[in-house]
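**Q** Take a look at the following structure, please.
FYI, it's all coordinate maths here, none of it is from the lab. Source: prediction; values computed, not measured. Cβ placement follows ideal geometry from the backbone for every residue including glycine, while neighbour counts extend to all protein chains displayed.
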Amino acid sequence: MDKLQDCVFTDEEIDILQEIMNIAFGSAAADLAEAIDLFVVLSVPVVRVLQAEELPEYISNEIQGYDKVSLVEQDFLAKFKGVALLIFPSGIGKSLIAMLESDVDSTFESDPLDALERETLMEVGNILVGACVSKVAELLEDVVIYSPPRVIVENLPYKAISQDMFEPGNLAIILHTVFHFNAQDVSGFLFLVCSHESINWLRKALYEFLKQYE
Amino acid sequence: MIKKLLIADDSPVARKILKSCIPKDRGYEFYEVGDGLAALQKYEEVRPDLTFMDLTMPVMDGVEALMKILELDRNAVVVVSTADVQKKTIQKVMELGAYTLLKKPPSKESVQEVLLRVEEHLENQKRAHG
């Protein structure tokens, strides 16, 4: 564990957070599998604490190998506050359209492909981000509201990821996992980036969560 | 009768949560490991009556560990304890031979229900083997 992380959270706090994320990602995967006939393989969630200005570089490094990405970005506002980023490799939007085809409204048929891809990514983003963030909030007894999602289709990673998610000098807590879509053999990344304003509340909420099991 | 319990989960917090849901007055012997390979090795060593197995773990995941444990002992009682509640996941682990699935986070009630079912299953197994 790095020094900055050590200063912000204890090992036990990181552990509780990781388990909560594990439960939340699992719940999100089940919701997505319910909506689309898709089997999602989850990886062990990762928790990191970074300086806000290091975020774009960190995310770019994590998604290395993707020349172009499509991205869904959504703010969540509550005591648990931050930005959710769902990042897919180029081309995934079209694959998801094929899977969603039976559910897609017929008015989409006349839409240009990029508009349809945008709608599809937004829908998948809504399901994954909503299920995941809401589950974290539920476990920590918080209630979250969301901003409308922003979708960026087929862009270079450094252009797609906002450089100014948080004020420089602030801390950001990153919680992320890799969703591997078995049928498509591609992976998507879900990052939850919490602002430093959440840290004190989060620490308290983590212990409250654990207290019920003591 | 359940005497030995093995909990395989990479998260110490998840293990603590699960243990807190298990009655303390039954004199169970607990064994804990943090990955699938360690679970397999511990299973071979102590032959637990009941194994709780997480799925998403480093080194060896829970699915592989489940398969290997059942290869070793086809009567092994492995309860998959997971947050991944996709229908296909449930179907897959049940087809592989998991005894049942326990959804995370567990509750005292859900764990108690599993324990009762396993006790009954072990009794039936004992009777069948006479």
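**Q** Along the charge dipole of chain A, pointing to its positive end and built from +1/-1 on Cβ of Lys, Arg, Asp and Glu, which listed residue (A:182, A:206, A:128) has its Cα farthest out?
**A** Result: A:206.
**Q** Right, something else. Positive end of the dipole of region B:4-128, charges at C-beta (+1 Lys, Arg; -1 Asp, Glu), about the Cα centre: which of B:89, B:43, B:112 has its Cα farthest in that direction?
**A** In region B:4-128, that residue is B:112.
**Q** Given charges of +1 on the Cβ of Lys and Arg and -1 on the Cβ of Asp and Glu, with all other atoms neutral, how large is the dipole of chain B about its Cα centre, in debye to the nearest 20? Each step should come with its number before you reach the end.
**A** On the way: 20 positive and 21 negative charges, 65 e Å.
For chain B, the charge dipole is close to 320 debye.
**Q** Using unit Cβ charges (K, R positive; D, E negative) and no other charged atoms, how large, in debye to the nearest 20, is the dipole of the protein assembly as shown about its Cα centre?
**A** On the way: 33 positive and 57 negative charges, 249 e Å.
With only Lys, Arg, Asp and Glu charged at Cβ, the dipole is about 1200 debye.
**Q** For region B:4-128, what does the alpha-carbon gyration tensor say about shape, rounded, prolate or oblate, given a ≥ b ≥ c as the root eigenvalues, a/c under 1.5 as rounded, and a/b over b/c as prolate? Walk me through the numbers on the way to the answer.
**A** Details: a/c = 1.20, a/b = 1.08, b/c = 1.12.
Since a/c stays below 1.5, the shape of region B:4-128 is classed as rounded.
**Q** While we're on this one: ³J(HN,Hα) across region A:141-154 via Karplus (A = 6.51, B = -1.76, C = 1.60, θ = phi - 60°), whole Hz, x for Gly/Pro?
**A** Per residue, the Karplus-derived 3J(HN,Hα) values read 6, 10, 10, 10, 10, 10, 7, x, x, 10, 10, 10, 9, 6 Hz.
**Q** If you take the beta carbon distance between residue A:154 and residue A:201 as r and set R0 to 45 Å, what does 1/(1 + (r/R0)^6) give as a FRET efficiency, to the nearest 0.05?
**A** Calculated value: 0.75.
**Q** Roughly what % of DSSP beta bridges within the protein assembly as shown run antiparallel, to the nearest 5?
**A** 70 percent
**Q** What order do you get for B:30, A:39 when you list them from fewest to most C-beta neighbours inside 10 Å? Present the calculation step by step, with values, prior to reporting the outcome.
**A** On the way: B:30 13, A:39 18.
Final ranking by Cβ density, sparse to dense: B:30, A:39.
**Q** State which entries of A:211/B:88; A:211/B:19; B:3/B:42 exceed 22 angstrom in Cα-Cα distance in the structure shown. Let's see the in-between values first.
**A** On the way: A:211/B:88 33 Å; A:211/B:19 14 Å; B:3/B:42 15 Å.
From the list (A:211/B:88; A:211/B:19; B:3/B:42), the Cα-Cα distance tops 22 Å for A:211/B:88.
**Q** Using only the Cα atoms of region A:135-214, build the gyration tensor, take square roots of its eigenvalues as a ≥ b ≥ c, and label the shape rounded, prolate or oblate: rounded if a/c is under 1.5, else prolate if a/b is larger than b/c, else oblate.
**A** It comes out oblate by the Cα gyration axes.
**Q** Next question, about the same structure. When the Cα centres of region A:113-178 and region B:2-56 are compared, how far apart do they sit, in Å?
**A** 36 Å
**Q** Report the net charge of residues surrounding residue B:30, where surrounding means a beta-carbon distance below 15 angstrom and charges are Lys +1, Arg +1, Asp -1, Glu -1.
**A** Net of charged neighbours comes to +3.
**Q** R0 = 30 Å: FRET efficiency of residue A:11 with residue A:114, Cβ-based, nearest 0.05?
**A** Plugging the Cβ-Cβ distance into 1/(1 + (r/R0)^6) gives 0.05.
**Q** Across the protein assembly as shown, how large is the tail of the calculated P(r) beyond 35 Å, expressed as a percent of all Cα pairs?
**A** Beyond 35 Å sits 28 percent of the P(r) for the protein assembly as shown.
**Q** May I ask you to evaluate 6.51 cos²θ - 1.76 cosθ + 1.60, the Karplus curve with θ = phi - 60°, for each residue of region A:35-43 and list the ³J(HN,Hα) values in order in whole Hz, giving x for glycine and proline?
**A** 3J(HN,Hα) across region A:35-43, in whole Hz: 6, 10, 7, 9, 9, 10, 9, 9, 9.
**Q** Mind ranking B:16-26, A:189-199 by how tightly packed they are, going by the mean number of other C-beta atoms within 10 angstrom, highest first? Display every interim value, and only then the final one.
**A** Details: B:16-26: 15.7, A:189-199: 21.0.
So the order, starting with the most tightly packed, is A:189-199, B:16-26.
**Q** Pull up all non-local amide H partners of residue B:60: gap of 5 or more, or a different chain, and H-to-H distance under 5 Å with H placed in the peptide plane.
**A** Distant-sequence amide H within range of residue B:60: B:36, B:37.
**Q** At a Förster distance of 30 Å, what's the computed FRET efficiency of residue A:145 paired with residue B:96, Cβ-Cβ distance as r, to 0.05? Intermediate results must be reported in sequence, preceding the final value.
**A** Working: r = 41 Å, r/R0 = 1.37.
The calculated FRET efficiency here is 0.15.
**Q** Cβ neighbours within 10 Å, averaged per peptide: list A:68-75, A:8-15 in order, most packed at the top. Spell out each step's value before the answer.
**A** Working: A:68-75: 22.6, A:8-15: 16.6.
For the peptides A:68-75, A:8-15, the packing ranking is A:68-75, A:8-15.
**Q** Once you average over the residues of B:10-18, how many Cβ atoms of partner chains fall within 10 Å of each Cβ?
**A** Numbers: counts 5, 8, 6, 14, 6, 1, 7, 7, 1.
If you average over the peptide's residues, the count of other-chain Cβ atoms is 6.
**Q** Using Cα-Cα distances under 8 Å and only pairs 6 or more residues apart, what relative contact order does chain A have, in percent?
**A** Rounded, it is 34 percent for chain A.
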